[in-house]
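The values are calculated or read from the model by the stated rules, or taken from the named source; none is laboratory data. Bear in mind that the values here come from a model prediction, so they are computed numbers and not experimental data. Every residue, glycine as well, gets a Cβ built from its backbone with ideal geometry; the counts of neighbours run over all protein chains shown.
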Amino acid sequence: MDISVVVLTKNEESVIEKCIASAEFAKEVIVLDSGSSDATCEIAQKLGARIFCREFHGNFSEQRNCADKFAECEWIFHLDADETVSSELVSELVLFFASGENEKYAAANIPRKELIFGKWMEHGGWYPQRKLRLYRKGCGSWVGKVHERVEVTGEVRTFNGPILHDSYSSIQVFVEKFNRYSSIDAEVAYSEGKRFKLGKLLFQPFERFFGRYIIHKGYRDGFHGFAVALLIGMNYFLMNLKLWESDYQQKIGKERSL
């Protein structure tokens with residue numbers, strides 16, 4: 001299939017082999033590394049991937065758009081290093097290209113299935129999360145500093161087979177990742193002129209917990225659903241608290257300059 005699979009990496013030696021192995025259907029695999037100090041690049045190279053390096057400047061969209069420039073195929077498929085392509089999705093992709101259906105579309109949405117604390121999540125807004133990851137070269141461009149997304153021109157197809165995401169092996173890993181994301185989210189919000197509001201600090205975490213656990217039926221995933229919904233709520237609490245911190249630091253800075 002005329003597909004370039006693109007993977008962004010930094011210190012992903014524990015997962016990169018599984019990721020690349022699941023992409024054996026592709027004509028090429030592009031790895032854009034941002035300074036790994038482990039064996040990520042060596043492992044990827046042994047598996048036949050083409051390796052490129054670029055320093056990460058805090059903007060995931062810039063990194064992905066840069067990686068696209070190295071792709072030689074007509075179609076580009078972005079995978080994260082901790083994701084794999086399911087056999088169901090591979091079968092759909094084979095049919096998509098063999099039948100010529102790919103000529104009708106510019107891009108495709110693909111559901112992603114999450115493995116969290118050892119359980120495949122079926123509810124709570126986790127599945128199916130549809131991600132636009134496959135697009136014709138030149139038809140898609142990434143936007144957003146974090147929680148980035150693709151903007152495309154043209155018709156979009158939807159697949160049923162999922163990408164499998166194994167990113168949250170423990171509560172510690174979950175908290176560490178969402179701590180980083182909440183910092184970036186707060187930074188972006190502040191740069192866009194948004195300021196701390198006490199009401200949001202108090203009510204948004206509960207709103208997010210309620211949405212995940214009740215509205216999206218996270219309770220059907222048992223205690224996993226409760227724990228994850230609670231952690232999502234805590235993430236929004238942290239983001240708003242960090243927004244307060246930015247406000248406070250700017251106020252102190254002004255007072256000291258007087």
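Of the residues contained in segment 245-252, none is found to be within 30 Å of LYS119 (Cα to Cα) and among the aliphatic types (A, V, I, L, M).
Filtered by the rule that a residue be surrounded by fewer than 16 Cβ atoms within 10 Å (Cβ to Cβ) and outside any strand (DSSP E or B), segment 129-143 gives LYS137, GLY138. Restricting attention to segment 170-220, and to residues there that are among the acidic types (Asp, Glu) and under 30 Å from GLU122 (Cβ atoms), which single residue is surrounded by the most Cβ atoms within 10 Å (Cβ to Cβ)? My answer is ASP185. When segment 16-30 is limited to residues that are within 20 Å of GLN63 (Cβ to Cβ) and over 15 Å from the mean Cα position of the chain (by Cα), the one that is surrounded by the most Cβ atoms within 10 Å (Cβ to Cβ) turns out to be ILE16. If you scan segment 84-117, which residues turn out to be over 13 Å from HIS165 (Cβ atoms), among the hydroxyl-bearing types (Ser, Thr, Tyr) and touching a strand residue (DSSP E or B) at 6+ places or on another chain (Cβ under 6 Å)? Within segment 84-117, TYR105 is the sole residue that qualifies.
For beta carbons closer than 9 Å, sequence separation of 6+ or different chains, a first residue in segment 160-186 that is free of Cβ contacts under 8 Å to residues at least 24 places away in the same chain and a second that is crowded, with 17+ Cβ neighbours inside 10 Å, the qualifying pairs are LYS177/TYR168.
For (1) closer than 30 Å to GLU103 by Cβ; (2) within 18 Å of the chain's Cα centre (by Cα), each residue gets a yes or a no:
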residue: LYS131; (1), (2): yes, yes
residue: GLY154; (1), (2): yes, no
residue: LEU164; (1), (2): yes, yes
residue: GLU176; (1), (2): no, yes
residue: VAL188; (1), (2): no, yes
residue: SER191; (1), (2): no, no
residue: ARG208; (1), (2): no, no
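Tell me which residues, restricted to segment 54-77, are touching a helix residue (DSSP H, G or I) at 6+ places or on another chain (Cβ under 8 Å) and modelled with pLDDT of 95 or more. Correct list: ARG54, TRP75, ILE76.
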